[in-house]
Amino acid sequence: MSNVRESLNYEGFGRAVRELATTIAEDGYQPDIILSIARGGVFVAGGLAYALDCKNIHLVNVEFYTGVGTTLEMPVMLAPVPDAIDFSDKKVLIADDVADTGKTLKLVHDFCVGTVADVRSAVIYEKSHSLVKCEYVWKRTDDWIEFPWSVEPPVVKREGQILDA
């Protein structure tokens, strides 16, 4: 991992998603379903869904990162896991914020293969060492990405205590 950090603010994120959607549309791909990888992929999926006029969004929650640069050995899908039968014969676009190791995207891609008509992936950033090479990428980098939704600490602890009060 590079020690250099790239910061993306909300305005830049809006441009990135719009440009990513334009690339997808110009390729002629019209997904029936956008499958969001939570958490960062939720923002990407929402923007792509509006830009591509796709109203069918599903979410899969995958745990992999445990901190900055620290991960579990392998990613794990958390409940509730979508029923793959809901995707039968559909064109599915997997959306995430970054393809870093690619392990999370591979897990979700493999979940879809064999059930769906076509599965492709779209990310804002893709790292050179990613196991998965996404069909749609806004920017390639090996820098650590600071996304606007993850640079500030939470305003509450899990127990509900407000921190910024």
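The values are calculated or read from the model by the stated rules, or taken from the named source; none is laboratory data. The structure presented is a predicted model; accordingly, all values stated were derived computationally and were not measured. The accessibility values were calculated without ligands, DNA or RNA, using every heavy atom of the protein model including side chains. Shrake-Rupley method; radii C 1.70, N 1.55, O 1.52, S 1.80 Å.
A few points about this structure:
- The alpha carbon centroids of the stretch 105-157 and the stretch 14-45 are separated by 11 Å.
- Residues whose placed amide H lies under 5 Å from that of residue 121, excluding near-sequence neighbours: 94, 135, 136
- For the stretch 94-165, the fraction of 1.4 Å probe accessible surface lying on carbon and sulfur atoms is 52 percent.
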